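Heads up: the structure comes next, in structure tokens.
The values are calculated or read from the model by the stated rules, or taken from the named source; none is laboratory data. This structure is a prediction, so every number in the text was calculated from the model and none was measured. Every residue, glycine as well, gets a Cβ built from its backbone with ideal geometry; the counts of neighbours run over all protein chains shown. Each accessible area value is taken on the protein alone, full model and side chains, heavy atoms only, with ligands, DNA and RNA left out. Shrake-Rupley method; radii C 1.70, N 1.55, O 1.52, S 1.80 Å.
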Amino acid sequence: MSDERAERIADFIEPLRVEPGSEVCLERDFDPRYKAGLKKREGIELLRTGVSLLSEYQERLAAQNTYGVLLCLQALDAGGKDGTIRHVMSGVNPQGVRVSSFKVPSAEELDHDYMWRYARRLPERGEIAIFNRSHYEEVLVVRVHPENLVRQRLPESAVRHGLWDRRYREINHWERYLTDNGFKVVKIFLNLSKEEQRTRFLKRIDRPEKNWKFSAADVRERRHWGDYQEAFSEMLSATSTKWAPWYVVPADRKWFARISAAAILAHTLMDIDPQFPDVGEAARKDLLVTRRDLEREAPAGEPADPYAEKRKKKRKKKRKKKSKKKRG
Ligand code: ATP
Ligand code: MG
């Protein structure tokens, strides 16, 4: 059963994966409106399945306490990062997830190397960490707006040439190091079309309850659309690796983006295949002794094991129902 589910999920996300070493041209290679031939109703049903799968695997990940998962989410403004996080994580235990949002770096953050602030928010073993924007901003917004680089006050030798290639290399090595040490890294780019972004901005202006989400700066940023597409294409080509692949998720349909993100995360967890720890024979024997002691503590008139008693009653009821059905 589990293998079949894993296979189905792997097939579903395959077209979204950026083949390591391939040369990506975002506009040519990925359609923001792709929906794998699904209808919205089917998609919502699938999301439900995905979320319950995630919940099951997250519990095992936490119990095993050996691996951690880092999910990086990148998108242009109005790409739907917040909604994706909300829906995908709706069924999981909040204690096992930490979400970090990365904005314009603070003075303290700028006083360190560029990876410092991201390294501080990595998952613990047993945890899923979500980066809402991530270290990839360092090769996106910093590249599109070079004044961000000036603010980083790098020594001249570090800015001279090949800066972006060096950053790609450093990021790949960092992610490799994390993977080798038990932290799986998976990266999602929510791929929105320019027209859908325009529609979402208009919606934010028209609907009073969405006004707080509207930012004039986002509309100004839209003027750099072409530069961003180029920066994204180069980043995807250079940093989709076997150990930490990129997935380009079509984002024009929110429901499809959400099921895709859930499927990608579920795939990552299924790949780890965390197991509940086995306490071992000796510990099991100790548990049985404790069990007997607890049973002896039952107050007069109370069953030795109320839980077992309940289960017995339930089974009896079920049997009765069955035989009634047979007779009637
Ligand atoms: P939302 O708008 O949904 O609240 P958001 O992620 O867009 O979420 P904002 O506060 O609107 O959050 O924007 C954060 C800004 O910080 C973005 O414009 C992003 O490009 C910028 N930013 C993130 N990391 C860096 C960085 N390392 N250097 C410069 N700017 C950065
Ligand atoms: Mg914003």
Those residues of the range 91-146 which are in a loop (DSSP other than H, G, I, E, B), open to solvent by less than 20 Å² (accessible area, probe 1.4 Å) and more than 11 Å from ligand 1 (Cβ to nearest atom), in sequence order: VAL92, PRO123, GLY126
Being more than 16 Å from ligand 2 (Cβ to nearest atom) and over 13 Å from PHE183 (Cα atoms) is the filter here, so list the residues in the range 122-145 that pass it. HIS135, GLU138, VAL139, VAL142, ARG143
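To keep it simple, each residue is scored yes or no on (1) open to solvent by 100 Å² or more (accessible area, probe 1.4 Å); (2) within 30 Å of GLN58 (Cβ to Cβ).
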{"position": "ILE272", "(1), (2)": "no, yes"}
{"position": "ARG284", "(1), (2)": "yes, yes"}
{"position": "LYS313", "(1), (2)": "yes, no"}
{"position": "LYS317", "(1), (2)": "yes, no"}
{"position": "LYS324", "(1), (2)": "yes, no"}
{"position": "GLY328", "(1), (2)": "no, no"}
In this structure, is ALA266 open to solvent by less than 60 Å² (accessible area, probe 1.4 Å), touching a Ser or Thr at 6+ places or on another chain (Cβ under 8 Å) and within 30 Å of VAL51 (Cα to Cα)? no
Quick check on ARG200: is it in contact (Cβ under 8 Å) with a residue 40 or more places away in the chain and away from ligand 2 (no atom under 16 Å from the Cβ)? no
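One line per residue, one yes/no per condition, for (1) within 30 Å of ILE130 (Cα to Cα); (2) part of a helix (DSSP H, G or I); (3) out of contact with any helix residue (DSSP H, G or I) (no Cβ under 7 Å at 6 or more places or on another chain):
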site: PRO274; (1), (2), (3): yes, no, no
site: ASP286; (1), (2), (3): no, yes, yes
site: GLU295; (1), (2), (3): no, yes, yes
site: PRO299; (1), (2), (3): no, no, yes
site: LYS321; (1), (2), (3): no, yes, yes
site: LYS324; (1), (2), (3): no, yes, yes
Considering only residues that are touching a helix residue (DSSP H, G or I) at 6+ places or on another chain (Cβ under 6 Å) and either within 11 Å of ligand 2 (Cβ to nearest atom) or in contact (Cβ under 8 Å) with a residue 24 or more places away in the chain (or both), which ones fall in the range 208-218? LYS213, PHE214
Looking at (1) open to solvent by 40 Å² or more (accessible area, probe 1.4 Å); (2) at pLDDT 95 or above, which is the one condition that is false for ILE13? (1)
From the options THR84, THR66, THR49, residue that is in a helix (DSSP H, G or I), within 19 Å of the chain's Cα centre (by Cα) and surrounded by fewer than 19 Cβ atoms within 10 Å (Cβ to Cβ): THR49
Options LEU38, LEU54, LEU76, LEU26; residue that is open to solvent by less than 70 Å² (accessible area, probe 1.4 Å) and within 30 Å of GLN275 (Cβ to Cβ): LEU54
Is the range 91-106 home to any residue that is among the charged types (D, E, K, R) and under 13 Å from the mean Cα position of the chain (by Cα)? yes
Any residue in the range 72-90 that is away from ligand 2 (no atom under 13 Å from the Cβ) sitting within a Cβ distance under 6 Å of a residue that is hydroxyl-bearing (Ser, Thr, Tyr)? List the pairs, counting only those 6 or more apart or interchain. CYS72/SER134
In the set GLY280, GLY328, GLY301, which member is farther than 30 Å from TRP243 by Cβ, of a type in the set (Gly, Ala, Ser) and under 44 Å from the mean Cα position of the chain (by Cα)? GLY280
Against the condition closer than 29 Å to LEU46 by Cα, modelled with pLDDT under 95 and either in a helix (DSSP H, G or I) or in contact with a Leu (Cβ under 8 Å, 6 or more places away or on another chain) (or both), how does SER157 come out, does it pass? no
So is ASP77 modelled with pLDDT of 95 or more, charged (D, E, K, R) and assigned by TED's automatic domain parsing to the domain that holds PHE232 or not? yes
Give the range 186-227 a look and list any residue that's outside any helix (DSSP H, G or I), among the basic types (Lys, Arg) and surrounded by fewer than 16 Cβ atoms within 10 Å (Cβ to Cβ), or say none. ARG207
